[in-house]
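See below for the structure under consideration.
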Amino acid sequence: MSDVKVWLVGAGPGDPELLTLKAVRVLGQADVVLVDDLVNPAVLAHCPQARLVPVGKRGGCRSTPQAFIQRLMLRHARQGLRVVRLKGGDPGVFGRSGEEVAWLQAHGVACEVVNGITAGLAAATACGLPLTMRGITQGVTLVTGHTEHGDAPNWAALVAGGTTLLIYMGVAKLADIQAALLGAGMAADMPVALVEQASLPQQRQCQTTLSQLRDAARRFALRSPAILVVGRVVSLAQAEVLPEAEVAGHRTRAA
Ligand code: SAH
């Protein structure tokens, strides 16, 4: 392996104070930073020396193909530049780090992944919730609600497992998720928290139940990026932190 190297760095869920010290150090040493969607621009205060290249689908670049981003990383790294690929949350959680690391290594480029706090954890904290709780649930599962090409999660297994579910990328698929969980035998009164923009000043959150999920999200005018927290631990949230969707609904005009 050559000494050419790329860093895949987690920018965390949004609040710049949730960055790791390692992320701050690596950003401070970068020559080029490829900035993904969902990275709070405030994080870029740690790399004023670096050239910034937006590669997010919603950001400056409408839809940068994955192959192009990978070639960009490679080209800059081979020029001897210190390349950071900055991703929202943690690079290893629905962040394509697996394919990028494999691709870079196949091209003789070393890769180091720097963890970030993943959005699901920040969503739970936003609600004042523990994700596990003795006597209530023994685990937590991170799962995507965005399913294409038939690679849907095994909802029946997830329901049977009884862990708290943190559902990413679920906003556009709420009806499908609700139907799948009910169809797999999850209780209709299972508490669900909807958390939008976790850890950012624009953060909003509300509580509902599985049977009310779709209606509640409509009243709440839920928009991406958001996490669904599904599980009995949701009922432990403080009422003022996590109002019922019916109460929260009046705050939104689009409902
Ligand atoms: N690597 C990221 C996840 C990328 S997938 C991480 O570890 O957090 C993108 C999804 O993450 C969004 O659709 C949304 O479900 C979730 N997400 C990212 N940032 C979020 C935030 N601040 N609040 C709520 N959800 C967020």
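No value in this document is a laboratory result; all are computed from the given coordinates. Keep in mind that what you see is a predicted model, and the values were worked out from it rather than measured. Methodologically, a virtual Cβ is constructed for each residue, glycine included, from the backbone with ideal geometry; neighbour enumeration extends over all protein chains shown.
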Residues of segment 185-206 being part of a strand (DSSP E or B) and in contact (Cβ under 8 Å) with a residue 60 or more places away in the chain, which ones? 193, 195, 205
Residue 100 versus (1) under 20 Å from residue 168 (Cα atoms); (2) in contact with a Leu (Cβ under 7 Å, 6 or more places away or on another chain): which is the lone unmet condition? (1)
Quick check, is residue 129 among the hydrophobic types (A, V, I, L, M, F, W, C), free of Cβ contacts under 8 Å to residues at least 60 places away in the same chain and away from the ligand (no atom under 11 Å from the Cβ)? no
Count - residues of segment 195-219 that are over 16 Å from the mean Cα position of the chain (by Cα), under 17 Å from residue 128 (Cα atoms) and buried (at least 21 other Cβ atoms within 10 Å of the Cβ): 3
Is at least one residue of segment 112-130 surrounded by 22 or more Cβ atoms within 10 Å (Cβ to Cβ), closer than 22 Å to residue 199 by Cα and touching a Lys or Arg at 6+ places or on another chain (Cβ under 6 Å)? yes
Let me confirm something: among 123, 152, 50, which residue is of a type in the set (A, V, I, L, M, F, W, C) and closer than 30 Å to residue 243 by Cα? 123
Looking only at segment 74-94, how many residues end up being closer than 12 Å to residue 112 by Cβ and among the β-branched types (Val, Ile, Thr)? 2
Got a number for residues in segment 223-241 being farther than 20 Å from residue 89 by Cβ and exposed (fewer than 15 other Cβ atoms within 10 Å of the Cβ)? 4
Would you please name the residue that is farthest from the ligand (Cβ to nearest atom), looking only at residues in segment 72-92 that are over 22 Å from the mean Cα position of the chain (by Cα) and small (Gly, Ala, Ser)? 80
Kindly indicate the residue of segment 1-27 that is in contact with a helix residue (DSSP H, G or I) (Cβ under 6 Å, 6 or more places away or on another chain) and under 25 Å from residue 80 (Cβ atoms) and also farthest from the ligand (Cβ to nearest atom) among those meeting that condition. 4
